[in-house]
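Below is one structure, written out as structure tokens; the observations come after it.
The values are calculated or read from the model by the stated rules, or taken from the named source; none is laboratory data. The model shown is predicted, which means the values in this text are computed figures rather than measured ones. Here Cβ is always computed from backbone atoms with ideal geometry, including for glycine, and neighbour counts include all displayed protein chains. Surface accessibility is based on the protein's heavy atoms, side chains included, excluding ligands, DNA and RNA. Shrake-Rupley method; radii C 1.70, N 1.55, O 1.52, S 1.80 Å.
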Amino acid sequence: MATTDGASLRRWFLSLPPVEYLLQHVRELLIGSLKCGPIPNHIAFVMDGNRRWARDHKLETVEGHNMGFEALARVLEVCYKSGVKYVTIYAFSIENFKRSKYEVDGLMDMAKTRLVQMSQHGELFDRYGASVRVLGDRSLVRADVLEQVDRAVDMTRENDRAVLNVCFPYTGREEITHSIRETVKEYSVPPERPKEKRAFSESQIQRHLRTRQLASVAEEGEQQYLTPPNTTGGLSNASDADSTEASEQEDLDSSSVLQPASSQTSNCASPTLKPTTPLSPDNSSWRLKSAASSSHLPDPETITTDTLTKNTYIDAPPPELLIRTSGVNRLSDFMLWQCHETTEIKFLDCMWPEFDLWHFLPVLVEWQWRQRHKQRQEGRVEGSTDGIKSA
Amino acid sequence: MVGARHAQAFHADVDEQGRRLSARERERLLKPYLPPTPKPETSHSSAAHKSPLFQHKKRVRPAIRHAIHSLIFTIIHVFFSVYIRLREAYHAVVNQIFTVLYYHHRTPELIKKDMKNLSKVPKHLSVILQQSPAGGDKDSLETLMNDACEIAAWTASAGIPVLSIYERTGILKHSLPHLHRRISRTMTSYYGEAAASKPTISLRAPHLPSYSPPTSPEPPTNGDDADGHVHHPHLAIMLIDESDGRQTLVDLTKTLAEMAQHGKLSPEDISSELIDAEISESVMMEPDLIILFGDQIVLDGYPPWQARLSEMFYVQDHVGGVGYHVFLRALYKYGQAQFRVGT
């Protein structure tokens, strides 16, 4: 009883016009001051603790999620006003589908209403220049929610000053899997070739080749007399000519896709696999086709970490800060690919619905302090090496 | 930040008279909190050309505001510096007390006693070690080796069967036989020469042949030895580095892409389960607990696939490197934590 009295008293006090006015200005001032120092480019949030907060306050779970959404609005405001460019939030994990159907439906309904509201206030997003991106496995979302998602995303597509990444049915492992799958797909189809850009036509070159082949056949005939008799003389010679021919064609092919031929692709066109039957126009065209289908595929050896990064859902530099509320010290499958390098991970004890500027500020100031500290140290190291150099 | 009254109105979606808010009203409520509409560049520059006086006036206020902001920024950071120094000093004292209070004295029984109150211990423990920037290569390798040996001994004493040691550069990996000898020696110094409870160890690094020296017994496969010997506890140690993280996933992708190119696999067959099976086999399973001995949680290239649900532990403002009290506190934290999947 005492706590509810205290809470209502506090609420009454905070809603007094002068107090409200003053608080408002203090906040603006603090955010403005923060901007004087370094500001992270990308912050990620795991919005954990909505349910526990609701349980602690004897409210319904969905109400906890609602309050969580309001906390998110507050945090976003602080982030964008202080100049953070990317904010990524973990809105819904694929694991969450394992919860009760009632809660999942409630969450989906909430997402839908919030998205409808967002679409009504598109102008607000324009003010911050923020575009919304919804990332994750879309196949798991209900169709009516998906429709609202697309509407909200489309509406803010033009904004480019800030980005809000909403991870909605997302897990980090699913993201890595998705990225690997996309990369494999990419590497199992021939790349798009720029068409009509060169002055040479393939058919003309083919015609030239054919005339040369005819010439070489004639030459071969002469050669057979010159070389000492050999058990498979004629045959091996023919296949030799075949192989040089093949490699020539392959060179042409690979140069036309502007890709270095790998050892594997040249293996595919190796002479041992070639039928040693005499050269005929349709035989060479078959060979051309088979060489094309294998050598047009990009070489898997060119896959790098950047390729995988490019195919992840999140199109942003890795976050400098990852904040997780509710005192659980786990990533819980969030942004595994992005956060395992230099990201500083912060676990806070407060529940997400309580999270606001006053929880956020110390984290941000500490980050700034560390950043400045690091800079100063680097400066000192540079100074000392300079000193050594000059000495 | 929206004031309390307006927040209430938003929350209930009704105004003070209890009417439902329309989209327009909601926007009106929010107006005062929004940043000014971004002005198109062109109008701005033309205004500057038209009236330089007016422009001048506009320049003063932002300058004053900027000065105030800088001042507050400096004040915040001065206070914060003081605060963080005090906090560091406080934690240094606390850590020192912990170091004195909880010391293992190289006695497995003491360590076991420390573990008595825990409701659960991790099955797979992972530690992140960092090469100290100061000192030469040889010194830092020596320190790393020492730390690895100590941690291995504590882990064995705590009854944890699997330990993985992450070190970014992989310097530990390249001296497997030497490290094995060192760990055996440390174990002997903890357990004594021929104690029955002395655990056997196996040392392994992904993509390197497992090292089992001729003198040490093979890892027990069926529990007891053939001649009914006492069961030795076994500790499996894994050394991992940066290349076992992203690079392994890239290598896996390369293989999968090659298979897809030869028509042995369709991209649709690629699932989390497949990748998990491959990664767990070639590198390691996911650890239950990751202990960081630094003063912040930065994974520093730790294998991303495996870091999914692992609990992470660090001690705030801890600068002393590897210490037994950090190890112990991590296990205590883990022992009390409730395990939940997802967010």
Among (1) in contact with a helix residue (DSSP H, G or I) (Cβ under 6 Å, 6 or more places away or on another chain); (2) touching a residue at least 60 places away in the same chain (Cβ under 8 Å); (3) more than 22 Å from residue B:168 (Cβ to Cβ), where does residue A:369 come up short?
-> (2)
What are the residues in the stretch B:262-277 that are modelled with pLDDT under 90 and in a helix (DSSP H, G or I), if any?
-> B:267, B:268, B:269
Scan the stretch A:139-165 for residues that are within 15 Å of the chain's Cα centre (by Cα) and modelled with pLDDT under 90 and report the count.
-> 0
Pairs, first under 15 Å from residue A:28 (Cα atoms) in the stretch B:61-89, second open to solvent by 60 Å² or more (accessible area, probe 1.4 Å) and part of a helix (DSSP H, G or I), C-beta under 7 Å, six or more apart | B:72/A:29
Could you give every pair whose Cβ atoms fall below 6 Å, whose first residue belongs to the stretch B:136-165 and is open to solvent by less than 50 Å² (accessible area, probe 1.4 Å), and whose second residue is assigned to a strand (DSSP E or B) and not hydrophobic (A, V, I, L, M, F, W, C), counting only separations of at least 6 or pairs across chains?
-> B:162/B:124; B:164/B:126
Identify, please: which residue in the stretch A:133-151 is within 14 Å of chain B (Cβ to nearest Cβ) and touching a strand residue (DSSP E or B) at 6+ places or on another chain (Cβ under 9 Å) and is, among those, most open to solvent (accessible area, probe 1.4 Å)?
-> A:137
Only residues that are open to solvent by less than 20 Å² (accessible area, probe 1.4 Å), of a type outside the set (A, V, I, L, M) and over 30 Å from residue A:99 (Cβ atoms): list them for the stretch A:21-65, please.
-> A:32, A:33, A:37, A:40
In the stretch A:337-362, which residues are at the interface with chain B (Cβ under 10 Å from one of its Cβ atoms), in contact (Cβ under 8 Å) with a residue 60 or more places away in the chain and either open to solvent by less than 10 Å² (accessible area, probe 1.4 Å) or within 30 Å of residue A:308 (Cβ to Cβ) (or both)?
-> A:337, A:338, A:339, A:343, A:352, A:357
Going by the conditions given, is residue B:333 surrounded by fewer than 17 Cβ atoms within 10 Å (Cβ to Cβ) and either of a type in the set (Ser, Thr, Tyr) or part of a helix (DSSP H, G or I) (or both)?
-> yes
Just to be sure, is residue B:307 within 27 Å of residue B:158 (Cα to Cα) and more than 7 Å from chain A (Cβ to nearest Cβ)?
-> no
Quick check: anything in the stretch A:8-26 closer than 18 Å to residue A:352 by Cβ and either at pLDDT 90 or above or more than 9 Å from every other protein chain (Cβ to nearest Cβ) (or both)?
-> no
Total residues in the stretch B:246-304, condition within 24 Å of residue A:319 (Cβ to Cβ), open to solvent by less than 40 Å² (accessible area, probe 1.4 Å) and either more than 8 Å from every other protein chain (Cβ to nearest Cβ) or more than 24 Å from the chain's Cα centre (by Cα) (or both) | 10
What's the number of the condition residue A:365 fails, among (1) within 11 Å of chain B (Cβ to nearest Cβ); (2) within 27 Å of residue A:36 (Cα to Cα); (3) open to solvent by 10 Å² or more (accessible area, probe 1.4 Å); (4) outside any loop (DSSP other than H, G, I, E, B)?
-> (3)
